[in-house]
1. Surrounded by fewer than 16 Cβ atoms within 10 Å (Cβ to Cβ), of a type in the set (Asp, Glu) and closer than 17 Å to A:Leu45 by Cα: does that describe A:Glu84?
2. Hand me the list of strands (runs of 3 or more DSSP E) wholly inside the stretch B:323-396 holding 2 or more residues that are in contact with a helix residue (DSSP H, G or I) (Cβ under 7 Å, 6 or more places away or on another chain) and not basic (Lys, Arg).
3. Can you pull out the residues in the stretch B:291-322 that are within 8 Å of ligand 2 (Cβ to nearest atom), closer than 20 Å to B:Asn191 by Cβ and assigned to a loop (DSSP other than H, G, I, E, B)?
4. Go through the stretch B:423-445 and give me each residue that's within 14 Å of another protein chain (Cβ to nearest Cβ), under 24 Å from B:Gly185 (Cβ atoms) and in a strand (DSSP E or B).
5. Does the stretch B:86-138 hold any residues that are assigned to a helix (DSSP H, G or I), in contact with a helix residue (DSSP H, G or I) (Cβ under 9 Å, 6 or more places away or on another chain) and farther than 24 Å from B:Gly557 by Cα, and which are they?
6. Inside the stretch B:269-301, can you point out the residues that are among the aliphatic types (A, V, I, L, M), more than 12 Å from ligand 1 (Cβ to nearest atom) and either crowded, with 22+ Cβ neighbours inside 10 Å or more than 22 Å from B:Pro195 (Cβ to Cβ) (or both)?
7. Is it true that some residue in the stretch B:401-416 is within 16 Å of ligand 2 (Cβ to nearest atom), open to solvent by 10 Å² or more (accessible area, probe 1.4 Å) and closer than 22 Å to B:Gly227 by Cα?
8. Take B:Gly156 and decide whether it is open to solvent by less than 10 Å² (accessible area, probe 1.4 Å) and assigned to a loop (DSSP other than H, G, I, E, B).
Amino acid sequence: MCTGRIDPALAAKAFRKGLDGMLVVGCYFGDCHYISGNYQAKAKLDMARKLFAHIGLNPERLAFRQCSSGEASVFVKIVGEFTEKIKELGPLGAGADRFEASKLTKKMDIAEAVLAGEKIRWVIGKRTPFLQTGNMYGEIFTEHEFNRAIDMIIVEETEVQEILAGLREGAKSVKDLAASLSMPVEKVFRHILALKRRGFVALKRIAGRSPLYTLVPQEV
Amino acid sequence: MPANKSDDIRIGVFICHCGSNIAGYLDMEALGSYAESLPHVAFVQRNLYTCSEGGINEIKKAIGEKNLNRVVVASCTPRTHEPLFRSSCAEAGLNPYLFEMVNIRDQCSWVHMQEREDGTSKAKDLIRMGVAKAALLEPQNPIMSEVTPRAMIIGGGIAGMTAALALANRGYEVVVVERSDRLGGMLLNLNKLGPSMADAAELAEKTVKAVSCHPKITVFTGSSVTGVQGFIGKYSADIETPAGAKKIDLGVIIVATGARNLVPAGLFQYEGEKIVTQLELETRLKKGLASSLKDFVMIQCVGARNEERPYCSRICCQTAVKNALLIREQAPGSKVTILYRDMQMYGVENEEMFRDSKARGIRYVNYDPEKPPRVEGSSVVVYNALLGREMKLPFDLLALSTPLLSQEDSDETGKLLRVPVDENGFFLEGHVKLKPLDFATDGVFLCGSARFPANVREAVAQGLGAASRASIPLSKGSVVVEPIISVLANEDACRGCGLCVALCPYGALEIHKTEKGRKVRVIDVACKGCGVCAATCYQHALTINSFTDDQIEAQIGAFLG
Ligand SMILES: Cc1cc2nc3c(=O)[nH]c(=O)nc-3n(C[C@H](O)[C@H](O)[C@H](O)COP(=O)(O)OP(=O)(O)OC[C@H]3O[C@@H](n4cnc5c(N)ncnc54)[C@H](O)[C@@H]3O)c2cc1C
Ligand code: SF4
């Protein structure tokens, strides 16, 4: 197994279960016995850190570091520094993060859904081709453009997962969703329409003058 | 086979003292009773050495008597001991992949020698995690595949030719692909070979002849490998030869592409006439030195052991001493001074050659890389720390000892074969100590200066070694591959999008058409189980045997619980 095996969704699960910090130590680039697995690990974990930062988990809690199997002192330094960092941050939700401990499960459920989801994984999986040979239209992205695209997807996907989580509690109107998620109504409406088109959400009934939306059970 | 139903899981935990390596630093009794308290654990035993015959017999006995269907050994590193414990399980009738190893020595007792309590508590965490994973292990079956009895050797230097002859003499067909128009490699440019002073041309000619005449060896000179597909036992190579493109089926591949010598453009006023490299000096010595040459200076580590090339090229010191002795033979009255940082003269014969050179009056002056020598007209000026002042050494010929560099295209060759190169472009072996001539990719081996600067003796030894390693799958006719690989656990979920295919470092995934549409297929023998695909698939269709999401989650859960 290589660091490339680390599924970022697993990191979200681990934080939900009470982890305060996760350190992934891989080999140096170009020195990996799995050839390119560590590049994959770094790309995935970088993206997970961004998502965590976005939803309020201190991104320092997840780190990717590199050293070789012959560098005991480097390894000790990495682990020592990370341990100090986590001690400084304290337990999850106790002040170093932008949400309280009571919100942890909810936040991490959303993070996990985003990280396990199609959109993010597709884009990260296509990172190398996007940067090297371009997308299907042959447009080559710069690192900067790619990162901006990731940032945007993280924001959108989080919103989508928040809406789905909201609907899991029961059918809701766009207005109610917008209020409970403190999101602009137009935005919620746009997501709902897209989700409806993709078959995730359906109109349940009209309550008063607002349509109520509900989740469509998905086959697994 | 035991069903993976939690009530049926019976785990045996064997905790090794490793003499005092573990028992000297951790509270073994506490570990034993702790292990007994863990879910599904049906039997716990502590052993002085679990890997001894006695320990192994205890495992086998307990599997039968206690009806164990999972075994956990908490001891040293799986790198050295997992195969042994797995085979012990198999001998007792338990599927060897129902075994899990926990490292409480290298990763615990050895690093926490001064922290008995914390170390013990960490060992408990590790054992708890191992047991949690063991409960979810599934039996696996080894994967078998046939081997095409043919080897391809890339590079026809002394290392590659030696390997070719060794394999051909054992009766296997060998294809040698040499880029230049002649076999022989670097030896073709050398004069005498230290420390024995054998004639390089003679050795090269003799070997080239043996290779060229061998009925089992096909040589393609002026040729290169442009594509490699497949996996151990079933490789297929595209070779571009002057007579056109060829496609050849192979079982194994040996990389013997050697190295090149640095041309020190811009260093020490190098011009190739009066200021030459050791390689050019070899040619001069071959022709015979002009009698007008009296004063010789050599500078070691030119363009080596610096920021750009931090490594020591190992062979240039031997070469300098050898050439200094040869100069003294050809030009008896001459003066030779070698300016060095450290003399890299490993090996009994080389040391002797070094001592001999001093006895014969070769002068050695140490220099400090902070105050490197400089060329001023026809002299080298160097700061001699022993004397505490600068010395001026006039020269008729200045030889610069430059390092061997990896081939310019080693990175491409690496990509072609899916094997790694290090930061200096030399090929990276599977494991420095345990697999020095194998790559991590099965069925690909390496030898000679392609791996790291080597002298002829080492290149030959490695050529023989690589041939011997390569002959194992060839002689068996089939290979058994670790089943800890990627599997399409949920075929229905797979959309055949191919995202994983592009990311697989080993080309072990392919899309094929099925009745249910396009689906991914894992090429078992090519997969190394890195897990990139499983961490990528958004449909969560792929997983890794013995490293499934459930198993990893169970370990994380056990750690936190
Ligand atoms: C100046 C000098 C002096 C030396 N003196 C001594 C000495 O006195 N004693 C001693 O023991 N050693 C000496 N050596 C070291 C010796 O040259 C090496 O040990 C030896 O040549 C290593 O053999 P090799 O087969 O690994 O590589 P090489 O001899 O470099 O052969 C590699 C071959 O592979 C071919 N090749 C490269 N890339 C490809 C490709 N992509 N496809 C196909 N073919 C390819 C090359 O054309 C070449 O023929 C000296 C070296 C130098 C530079
Ligand atoms: S072998 Fe000698 S000259 Fe060559 S890099 Fe090493 S120390 Fe320097």
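The values are calculated or read from the model by the stated rules, or taken from the named source; none is laboratory data. All values reported here derive from a predicted model rather than from experimental measurement. Reconstructed Cβ throughout: ideal geometry from the backbone, glycine too, with neighbour counts over all protein chains shown. Ligands, DNA and RNA are stripped out before the accessible areas are found, and what is left, the full protein with its side chains, is counted by its heavy atoms. Shrake-Rupley method; radii C 1.70, N 1.55, O 1.52, S 1.80 Å.
1. Details: surrounded by fewer than 16 Cβ atoms within 10 Å (Cβ to Cβ): yes; of a type in the set (Asp, Glu): yes; closer than 17 Å to A:Leu45 by Cα: no.
Criteria not met by A:Glu84.
2. Numbers: elements: B:335-340, B:363-366, B:374-376, B:379-384, B:389-394.
Here the list reads B:335-340.
3. B:Gln300, B:Val302, B:Ser313, B:Arg314, B:Ile315, listed by residue number.
4. Answer for the stretch B:423-445, where residues must be within 14 Å of another protein chain (Cβ to nearest Cβ), under 24 Å from B:Gly185 (Cβ atoms) and in a strand (DSSP E or B): B:Phe427, B:Asp438, B:Val444.
5. B:Arg86, B:Ser87, B:Ser88, B:Cys89, B:Ala90, B:Glu91, B:Pro96
6. Going residue by residue through the stretch B:269-301, those that are among the aliphatic types (A, V, I, L, M) are B:275-276, B:279, B:281, B:285, B:289-290, B:293, B:297-299.
Adding the requirement that they be more than 12 Å from ligand 1 (Cβ to nearest atom) leaves B:275, B:289-290, B:293, B:297, B:299.
B:Ile275, B:Ala290, B:Leu293, B:Val297, B:Ile299, listed by residue number.
7. For the stretch B:401-416, residues within 16 Å of ligand 2 (Cβ to nearest atom), open to solvent by 10 Å² or more (accessible area, probe 1.4 Å) and closer than 22 Å to B:Gly227 by Cα: present.
8. Details: open to solvent by less than 10 Å² (accessible area, probe 1.4 Å): yes; assigned to a loop (DSSP other than H, G, I, E, B): yes.
Judged against the criteria, B:Gly156 is a match.
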